[in-house]
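Q: Below you will find the structure I want to go over with you.
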Amino acid sequence: MKQSSFVFLFFTLIVTACAPVEKADLLIHNATIYVVDSSFSTAEAMVIKDGKIIMTGKLADLEKKYEAKEKIDAQGKFIYPGFIDAHAHFVGYGSGLQTADLVGTNSWNEIIEKLKTFSAQNKEGWLIGRGWDQNDWTTKDFPSNEELNELFPDRPVLLSRIDGHAAIANQKALEIAGIKAGYTLTGGDAEVKNGKLTGILIDNAIDIVSSKVPSPTNQQFQKSLIDAQRNCFAMGLTTIDDCGLSFEAVERIKVMQANGELKMRLYIMLSDAKANFDYLEKNGAIKTDRLNVRGFKVYGDGALGSRGACLLDPYSDKPGSHGFLLSSPEHFDSVANWISQRDFQMCTHAIGDSGNRTILKTYAKYLKGKNNLRWRIEHAQVIHKNDFNLFGENSIIPSVQPTHATSDMYWAGDRLGHERVKSAYAFKQLLEQNGWLPLGTDFPVEDISPFKTFYAAVVRKDAKGWPEGGYQTENALTREQALRGMTIWAARSNFEENEKGSLEPGKFADFIILDKDLVKTNDAGLLQINVLKTFVGGEKVYEKLP
Ligand SMILES: [Zn+2]
């Protein structure tokens, strides 16, 4: 060996041996890490620094390069990107936690009993409840408000149905809102029987009453969000799309995130209201690590349960009734026109096939073919069989909630009839349109659990395993698709696929440790999976008690 080569080799050895090992914050190992990258790869270890993932791979390789302040032995458990809920109501859920929970009540009597208890514990102000569903009762008719009037003559009461598209108010609340028998309005109804108000309110009529409910104080607002965040972290959610907030709520959220109280990442769509359009126009889109505001939530039609969804042909169980649009087609057109001239996103609630067709055609007029604007249709529940292609042709993103399929399957066929129901909750068909599909829950309409979303998407059964073969399983998603829908595709629907949704280097260290493998556990075991730990930006925000 020549001397020069020897010297070179010598120095190379020295440099390699002493190569400075880089400092990192956290090394997690002994895990099956689902990276959710394009090849759906897995890794056994992961290094985190400054809130971001810097490397995944084999433990030995990672240790050669990095020395971490903290090491976590995951004990053979399973790691996924934190779940992103592409359609929910985080603020609404939080305020719901401060009201009477009527979800799962089996009769009107049970609701009355719950309200008695709740009102004894909460002695002031409006009595607000949420979550009843007359389809769960033996008598499936809407209730009327006589008992509420007797029990609470001086205290306003407003109880919304599970889908938020129907509610019952007592006389006091109706008085405050100025609703009398014979009151008429567009896009809603205050039910009258034998010349008297029953207290049942549909769609826009609910807003007339709920607009009279005093808005929460700062302190109440903060408590509701902290409560909501705690429950969401415990379920592995690290980003939530809040569909339809006011700019005032955004301002309050900004403060809570800035002072570190609120760690949840939020993608917020502002409601279709002039003040909100003015706000974003004036301030421009908002983008921080935890907050992204660039979308508007527009309300196309109502819901299927209350027969407010707008259908092309009448309801199969209510001849002559088509449901209705919540605004005129001209209104949707003018909003689309305004948004198309700015770098904002349009996200419109559409459930019925007519509601969807109206919105699809309005979007198509401005999108004019393939594009990357990611305008969304929220729910996209009942699609006419000839309209599916409008999604793909104009790159319109259907944003769907798999648990709606398994919650509605008991009566969706009654509303829609045998033929029409086949192109409802058609998640696979919708996925094929653009090759990707964001998934959400619509909580608090549904439970917040992302595991229920996953189960409904892939198994298409209720929690009791009904129906035996699954519901319309030709539209089931694969496990990989469902996981992508709750992570990287949800991120993409928010223009955030470069910062979250997978565990690739450079992305936020938002991840969860589960006790079982979401991808391989058998169907029945999916709903028994537990979140052991949740991390946001490398910070542990939840740990399951042993
Ligand atoms: Zn919703």
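Q: Can you run down the residue pairs with Cβ atoms below 8 Å, 6 or more apart or on separate chains, where the first is in the range 138-167 and within 16 Å of the ligand (Cβ to nearest atom) and the partner is in a helix (DSSP H, G or I) and of a type outside the set (Ser, Thr, Tyr)?
A: These pairs meet every condition: 160/206; 161/134; 164/206; 165/206; 166/206; 167/206; 167/209.
Q: Only one of 415, 420 is out of contact with any Lys or Arg (no Cβ under 8 Å at 6 or more places or on another chain) and part of a helix (DSSP H, G or I); which?
A: On inspection, the qualifying residue turns out to be 420.
Q: Still on this structure: Here is a list of conditions, (1) in a helix (DSSP H, G or I); (2) buried (at least 19 other Cβ atoms within 10 Å of the Cβ); (3) acidic (Asp, Glu), and residue 207 meets all of them except one; can you say which number that is?
A: (2)
Q: Still on this structure, I have one more. Determine, yes or no, whether residue 355 is part of a helix (DSSP H, G or I), within 16 Å of the ligand (Cβ to nearest atom), under 24 Å from residue 373 (Cβ atoms) and among the small types (Gly, Ala, Ser). Walk me through how you get there before you give the answer.
A: Numbers: part of a helix (DSSP H, G or I): yes; within 16 Å of the ligand (Cβ to nearest atom): yes; under 24 Å from residue 373 (Cβ atoms): yes; among the small types (Gly, Ala, Ser): yes.
For residue 355, the condition - part of a helix (DSSP H, G or I), within 16 Å of the ligand (Cβ to nearest atom), under 24 Å from residue 373 (Cβ atoms) and among the small types (Gly, Ala, Ser) - is met.
Q: Also, I was wondering about something else. So which of 350, 405, 364 is within 16 Å of the ligand (Cβ to nearest atom) and closer than 26 Å to residue 331 by Cβ? Quick ask: steps written out before the conclusion?
A: Details: 405 fails: closer than 26 Å to residue 331 by Cβ; 364 fails: within 16 Å of the ligand (Cβ to nearest atom).
The match here is 350.
Q: Could you list, ordered by first residue, the pairs with Cβ atoms under 9 Å in which the first is in the range 281-308 and more than 23 Å from residue 374 (Cβ to Cβ) and in contact (Cβ under 8 Å) with a residue 40 or more places away in the chain and the second is of a type in the set (Asp, Glu) and surrounded by fewer than 20 Cβ atoms within 10 Å (Cβ to Cβ), at least 6 apart or interchain?
A: 305/133; 307/317
Q: Looking at residue 315 and the list (1) more than 16 Å from the ligand (Cβ to nearest atom); (2) under 26 Å from the mean Cα position of the chain (by Cα); (3) modelled with pLDDT of 95 or more, which single condition is not satisfied?
A: In the conditions (1) more than 16 Å from the ligand (Cβ to nearest atom); (2) under 26 Å from the mean Cα position of the chain (by Cα); (3) modelled with pLDDT of 95 or more, residue 315 misses (2) alone.
Q: Show the residue pairs meeting these rules: Cβ distance below 6 Å; 6+ apart or different chains; first residue within the range 391-402 and within 14 Å of the ligand (Cβ to nearest atom) and outside any strand (DSSP E or B); second residue among the charged types (D, E, K, R) and at pLDDT 95 or above.
A: 401/442
Q: Can you work out which of the residues in the range 109-159 that are in a loop (DSSP other than H, G, I, E, B), modelled with pLDDT under 95 and among the charged types (D, E, K, R) is surrounded by the most Cβ atoms within 10 Å (Cβ to Cβ)?
A: 133
Q: Within the range 70-91, is there a residue that is more than 17 Å from residue 159 (Cβ to Cβ), hydroxyl-bearing (Ser, Thr, Tyr) and within 24 Å of the chain's Cα centre (by Cα)?
A: yes
Q: Could you look through the range 376-390, keep only residues that are more than 16 Å from the chain's Cα centre (by Cα) and crowded, with 23+ Cβ neighbours inside 10 Å, and pick out the one that is nearest to the ligand (Cβ to nearest atom)? Spell out the reasoning first.
A: In the first step, residues of the range 376-390 are kept if they are more than 16 Å from the chain's Cα centre (by Cα); the result is 382-390.
Subset that is crowded, with 23+ Cβ neighbours inside 10 Å: 382-383.
Numbers: 382: 16, 383: 18 Å.
Across the range 376-390, the extreme among qualifying residues is 382.
Q: Return the pair list, or none, for Cβ contacts closer than 9 Å from residues in the range 242-262 that are within 16 Å of the ligand (Cβ to nearest atom) to residues that are of a type in the set (S, T, N, Q), at least 6 apart or on different chains.
A: From the range 242-262, the pairs are 243/271; 243/399; 244/271; 245/271; 245/276; 246/271; 246/276.
Q: Would you confirm whether any residue within the range 227-238 is surrounded by fewer than 20 Cβ atoms within 10 Å (Cβ to Cβ) and touching an Asp or Glu at 6+ places or on another chain (Cβ under 9 Å)?
A: From the range 227-238, those surrounded by fewer than 20 Cβ atoms within 10 Å (Cβ to Cβ) are 227, 230-231, 234; that's our starting set.
If we keep only those that are touching an Asp or Glu at 6+ places or on another chain (Cβ under 9 Å) as well, we get none.
Checking the range 227-238: not a single residue is surrounded by fewer than 20 Cβ atoms within 10 Å (Cβ to Cβ) and touching an Asp or Glu at 6+ places or on another chain (Cβ under 9 Å).
Q: Being assigned to a strand (DSSP E or B) and surrounded by fewer than 19 Cβ atoms within 10 Å (Cβ to Cβ) is the filter here; which residues of the range 29-48 pass it? Don't jump to the end; show me each part of the working.
A: Start the filter on the range 29-48 by keeping residues that are assigned to a strand (DSSP E or B), which leaves 29-34, 42-43, 45-48.
Within the range 29-48, 30, 32, 42 meet the criteria.
Q: Separate question: Taking residue 69 and the conditions (1) over 19 Å from residue 503 (Cα atoms); (2) at pLDDT 95 or above; (3) surrounded by 14 or more Cβ atoms within 10 Å (Cβ to Cβ), which numbered condition does it fall short on, given that it satisfies the others?
A: Failing condition for residue 69: (3).
Q: OK, next. How many of the residues making up the range 272-308 are surrounded by fewer than 20 Cβ atoms within 10 Å (Cβ to Cβ) and under 21 Å from residue 188 (Cα atoms)?
A: 2
Q: Another one. Can you name the strands (runs of 3 or more DSSP E) wholly within the range 430-546 that have at least 2 residues being crowded, with 22+ Cβ neighbours inside 10 Å and out of contact with any His (no Cβ under 6 Å at 6 or more places or on another chain)?
A: Working: elements: 511-514, 531-536, 539-543.
Those strands (runs of 3 or more DSSP E) span 511-514, 531-536.
Q: Also: Go through the range 378-410 and give me each residue that's at positive phi and small (Gly, Ala, Ser). Give the derivation first.
A: Keep residues of the range 378-410 that are at positive phi, which gives 379-380, 395.
Within the range 378-410, 380, 395 meet the criteria.
Q: Is it fair to say residue 181 is at pLDDT 95 or above and either within 16 Å of the ligand (Cβ to nearest atom) or assigned to a loop (DSSP other than H, G, I, E, B) (or both)?
A: Working: at pLDDT 95 or above: no; either within 16 Å of the ligand (Cβ to nearest atom) or assigned to a loop (DSSP other than H, G, I, E, B) (or both): yes.
Against the criterion (at pLDDT 95 or above and either within 16 Å of the ligand (Cβ to nearest atom) or assigned to a loop (DSSP other than H, G, I, E, B) (or both)), residue 181 does not qualify.
Q: Step by step: first the residues of the range 263-272, then only those that are hydrophobic (A, V, I, L, M, F, W, C) and within 16 Å of the ligand (Cβ to nearest atom), then the one that is farthest from residue 338 (Cα to Cα). Which residue is that?
A: Restricting attention to the range 263-272, the residues satisfying the condition of being hydrophobic (A, V, I, L, M, F, W, C) are 264, 266, 268-270.
If we keep only those that are within 16 Å of the ligand (Cβ to nearest atom) too, we end up with 266, 268-270.
On the way: 266: 24, 268: 19, 269: 16, 270: 14 Å.
Selected residue: 266.
Q: Looking at residue 339 and the list (1) assigned to a helix (DSSP H, G or I); (2) in contact (Cβ under 8 Å) with a residue 60 or more places away in the chain; (3) hydrophobic (A, V, I, L, M, F, W, C), which single condition is not satisfied?
A: Of (1) assigned to a helix (DSSP H, G or I); (2) in contact (Cβ under 8 Å) with a residue 60 or more places away in the chain; (3) hydrophobic (A, V, I, L, M, F, W, C), only one is false for residue 339: (2).
Q: Among the residues of the range 176-193, count how many are of a type in the set (D, E, K, R) and within 34 Å of the chain's Cα centre (by Cα). I'd like the intermediate steps shown before the answer.
A: Initially, the range 176-193 is screened for residues of a type in the set (D, E, K, R), giving 180, 189, 191, 193.
Of the ones still in play, those that are also within 34 Å of the chain's Cα centre (by Cα) are 189, 191.
Matching residues across the range 176-193 total 2.
Q: A further question on this structure: Of the residues 435, 440, 470, 485, which single one is within 16 Å of the ligand (Cβ to nearest atom) and modelled with pLDDT of 95 or more? Walk me through how you get there before you give the answer.
A: Details: 435 fails: within 16 Å of the ligand (Cβ to nearest atom); 470 fails: within 16 Å of the ligand (Cβ to nearest atom); 485 fails: within 16 Å of the ligand (Cβ to nearest atom).
Matching residue, one of 435, 440, 470, 485: 440.
Q: Moving on. Identify, please: which residue in the range 56-103 is hydroxyl-bearing (Ser, Thr, Tyr) and either touching a Cys at 6+ places or on another chain (Cβ under 8 Å) or within 16 Å of the ligand (Cβ to nearest atom) (or both) and is, among those, nearest to residue 537 (Cα to Cα)?
A: Keep residues of the range 56-103 that are hydroxyl-bearing (Ser, Thr, Tyr), which gives 56, 66, 80, 93, 95, 99.
From the residues that got through so far, the ones that are either touching a Cys at 6+ places or on another chain (Cβ under 8 Å) or within 16 Å of the ligand (Cβ to nearest atom) (or both) too are 93, 95.
Details: 93: 24, 95: 26 Å.
Looking at residues that are hydroxyl-bearing (Ser, Thr, Tyr) and either touching a Cys at 6+ places or on another chain (Cβ under 8 Å) or within 16 Å of the ligand (Cβ to nearest atom) (or both), I get 93.
Q: Scan the range 57-73 and report the pairs whose first residue is part of a strand (DSSP E or B) and whose second residue is among the small types (Gly, Ala, Ser), with Cβ atoms within less than 6 Å and a gap of 6+ or a chain change.
A: 57/43; 66/24; 68/24
The values are calculated or read from the model by the stated rules, or taken from the named source; none is laboratory data. The shown structure was predicted, so the numbers you read here are calculated from the model rather than taken from an experiment. Reconstructed Cβ throughout: ideal geometry from the backbone, glycine too, with neighbour counts over all protein chains shown.
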